[in-house]
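Shown next, in structure tokens, is the structure this report addresses.
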Amino acid sequence: MTESLFYFLAYSVSGWILENVYSLATRGVFWKEGFMKGPYKPMYGFAPLLLLYFAGEDPNPLLMLVLCFVVPTAVEYASGILLQGLFGRQWWDYSNNRWQLQGHICLRFSLYWGVLSLGLITFIHPFMEKVYEGLSPAWETAGPLLLFLFLADLAWTSTVRRRDWKQSLV
């Protein structure tokens, strides 16, 4: 569990960095508001863990290609539906893209996620396994603290977002 927590938090923060670099490249601003106030994008934490789980120890290359396309797309769609249902807001909108579904997913970004996921599984995750091995003694102490910070951000953000949504309905 502590190893999965490490990957979840590392990839959640990496997702935050990735989205802000993308924002800088496309809009000239290193800031893209996400659901959470802190530097976390939980979709980027969940998708790799699900990919690793479904792929197993010795994944079939064709299965891996399919999973790298389907898993992040499913996570993005489920996240979009969940966030909109809980907080009455859509944080991203692909409605203007071709082959989109309710603005939550579109073929273009699903292809991006597929390529990024394949790169993550092939190159980044093996490196992150070595990072975890080197940090695991310190992670035993740091992990619970970082989890607490993540959960505190999640609770605070959720409270603020729900309050703001309820006020907007009045």
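Some notes on this structure:
- Hits in the stretch 43-54 (condition: surrounded by 18 or more Cβ atoms within 10 Å (Cβ to Cβ) and either polar (S, T, N, Q) or out of contact with any Gly (no Cβ under 8 Å at 6 or more places or on another chain) (or both)): PHE46, ALA47, PRO48, LEU51, LEU52
- Taken together, GLU133, GLU76, GLU57 contain a single residue that is part of a helix (DSSP H, G or I) and open to solvent by 30 Å² or more (accessible area, probe 1.4 Å), which is GLU133.
- Condition check for GLU140 on (1) over 14 Å from GLU3 (Cα atoms); (2) touching a residue at least 12 places away in the same chain (Cβ under 8 Å): one failure, at (1).
- For VAL170, the conditions (1) aliphatic (A, V, I, L, M); (2) surrounded by 12 or more Cβ atoms within 10 Å (Cβ to Cβ); (3) at pLDDT below 95 all hold with the exception of (2).
- Condition check for PHE87: surrounded by 13 or more Cβ atoms within 10 Å (Cβ to Cβ), within 28 Å of THR2 (Cβ to Cβ) and either hydrophobic (A, V, I, L, M, F, W, C) or over 17 Å from the mean Cα position of the chain (by Cα) (or both): no
- Selection of the stretch 79-130 for residues being in contact with a Lys or Arg (Cβ under 9 Å, 6 or more places away or on another chain), in a helix (DSSP H, G or I) and basic (Lys, Arg) yields only ARG108.
Every residue, every condition in (1) over 14 Å from the mean Cα position of the chain (by Cα); (2) under 30 Å from LEU145 (Cβ atoms); (3) surrounded by 15 or more Cβ atoms within 10 Å (Cβ to Cβ), yes or no:
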{"residue": "THR2", "(1), (2), (3)": "yes, yes, no"}
{"residue": "PHE35", "(1), (2), (3)": "no, yes, yes"}
{"residue": "TYR40", "(1), (2), (3)": "no, yes, yes"}
{"residue": "PHE69", "(1), (2), (3)": "yes, no, yes"}
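- The residue that is nearest to the chain's Cα centre (by Cα), among those in the stretch 138-161 that are β-branched (Val, Ile, Thr) and open to solvent by 30 Å² or more (accessible area, probe 1.4 Å), is THR159.
- For the stretch 93-111, a residue qualifies if it is loosely packed, with under 13 Cβ neighbours inside 10 Å and either under 18 Å from GLY45 (Cα atoms) or hydrophobic (A, V, I, L, M, F, W, C) (or both), and the qualifying residues are TRP99, LEU111.
- Any chance GLY28 is surrounded by fewer than 18 Cβ atoms within 10 Å (Cβ to Cβ), at positive phi, free of Cβ contacts under 8 Å to residues at least 40 places away in the same chain and not aliphatic (A, V, I, L, M): yes
The values are calculated or read from the model by the stated rules, or taken from the named source; none is laboratory data. Small disclaimer: the values here were computed from a predicted structure and weren't measured. Please note: Cβ atoms are built from the backbone with ideal geometry, for glycine as well, and neighbour counts cover all protein chains shown. The accessibility values were calculated without ligands, DNA or RNA, using every heavy atom of the protein model including side chains. Shrake-Rupley method; radii C 1.70, N 1.55, O 1.52, S 1.80 Å.
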